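In what follows, a single structure is set out as structure tokens and then discussed.
Only the coordinates and a few stated rules stand behind these numbers; no lab work does. Small disclaimer: the values here were computed from a predicted structure and weren't measured. Note that we place each Cβ from the backbone using ideal geometry, even for glycine, and neighbour counts take in every protein chain shown.
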Amino acid sequence: MATDSKEASCGFGSADLRLPDELRGPLLSHLQALRERYLQRGWAGRVGFGARPAVIVIDLAKYWLDPGQQIGSPLDEVVVATRRVLDAARAASVPIFFTSFAHDPAEPPSPHDQKLKFQFPANAVELFELDPRLERRPTEKLIRKRYASAFKDTNLHTMLTALGVDTLIVTGVSTSHCVYATCRDATDSFRVIVPREAVGERCELMHEVFLLDIDIDLADVTDVDDVVLQLARSSVD
């Protein structure tokens, strides 16, 4: 792991939520050391790829990708890396799913709404349309969800099992929230793979900490190149 703070700087996320340069190198070194200690305790084993993968792309829509939005941030690198995964999945006829927020101004409020008070503009529905760079196809299911996990109150699990999927490749945003929650719900039923360059969020610290936690406890965090190679070897009838 790089120790030079500027070389290790996160290439995405909000500028005001990035780590101070003087903390970045020591923090990343500490997280790497923590991973080694967990390995010594038997954590962070590899689940590997199964025979029938699927890809899910979480919340890569304008509301999260536009820095001008309330919780948006520059995440172009994540979109580009996710597109690489999508291209490989499409070439191998691997099932692809997308999620976005099920915006509904008539939805009754919940206690959790006090944690983050959304400030939706009049054109809010348009903000939750997928980024056009993903080039979603009509045969690729779009799931509108109200909760962090792509599984909660949706039929994602039913669709995956109906397809015989045994491996779920999770991409998108945000690492500490919707990506994490989806991995948490998936891990008891599927092998979970997270391409490290294809997930991200607005806060550098939260991204690094939760990505480590995902790798230790929930999924194999691996390079996009490795995921693309595995998908190239896949063929779903």
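Numbers at a glance
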quantity	calculated
Percent breakdown of C-alpha pair distances by 10 Å bin, ordered from the shortest bin, for segment 175-218	29, 61, 10
Highest average packing first - 52-61, 38-47, Cβ atoms within 10 Å	52-61, 38-47
Ranked list, fewest to most other Cβ atoms within 10 Å of each Cβ, for GLU126, GLU77, GLU197	GLU126, GLU77, GLU197
Pairwise Lys count, the chain - Cα closer than 27 Å, eight or more residues apart or different chains	10
Alpha-carbon gyration tensor eigenvalues x 5, square-rooted, for segment 121-183, Å	22, 16, 12
Stretch gain in nm, segment LEU31-ALA91, where the contour uses 0.36 nm per residue and the Cα spacing is subtracted	18.0 nm
Simple Cβ-charge dipole of segment 90-132, Lys/Arg +1 and Asp/Glu -1, about Cα centre, in debye nearest 20	180 debye
Stokes-Einstein D in µm²/s, Kirkwood radius over Cα pairs - the chain at 25 °C with 0.890 mPa s viscosity	134 µm²/s
For the chain: relative contact order, % (alpha-carbon pairs under 8 angstrom, 6 or more apart)	29 percent
Rounded to 5, the percent of DSSP beta bridges in the chain classed as antiparallel	5 percent
Amide H contacts under 5 Å for ASP131, placed H, 5+ residues apart	ALA61, LYS62
14 Å reach of a label modelled at LEU163, 7 Å along Cα-to-Cβ, counting backbone N of segment 81-107	86-99
Relative exposure of CYS10, CYS178, CYS183, judged by other C-beta atoms within 10 Å (fewest first)	CYS10, CYS178, CYS183
For segment 34-123, Kirkwood radius (reciprocal of mean inverse C-alpha pair distance, Å)	16.9 Å
Segment 84-170 pair-distance distribution - Cα-Cα, 10 Å bins, rounded %	13, 42, 30, 15, 1
Average Cα contact separation per residue, segment 187-237, under 8 Å, 6 or more apart, as relative contact order %	46 percent
Label point distance in nm, ARG146-ALA102, each placed 7 Å from Cα along Cα→Cβ	0.6 nm
Choice from SER189, SER110, SER176 showing the highest fluctuation, given a GNM over the chain with Cα pairs closer than 10 Å	SER110
Vicinal HN-Hα couplings computed from phi for segment 127-137 (Karplus, 6.51 cos²θ - 1.76 cosθ + 1.60; Hz; Gly/Pro x)	5, 9, 7, 5, 4, x, 5, 6, 6, 4, 9
Mean separation of Cα contacts under 8 Å, 6 or more apart, over the residue count of segment 32-110: relative contact order %	33 percent
Cα Rg, Dmax, segment 137-237, angstrom units	13.5, 41
Under the Karplus curve 6.51 cos²θ - 1.76 cosθ + 1.60, θ = phi - 60°, whole-Hz ³J(HN,Hα) for segment 183-200, x wherever Gly or Pro sits	4, 4, 6, 7, 5, 7, 10, 9, 5, 10, 10, 10, x, 4, 6, 9, 10, x
Derived scalar couplings ³J(HN,Hα) [segment 90-106; Karplus, 6.51 cos²θ - 1.76 cosθ + 1.60; whole Hz; x for Gly, Pro]	5, 5, 9, 6, 8, x, 10, 10, 10, 10, 8, 6, 8, 5, 8, x, 8
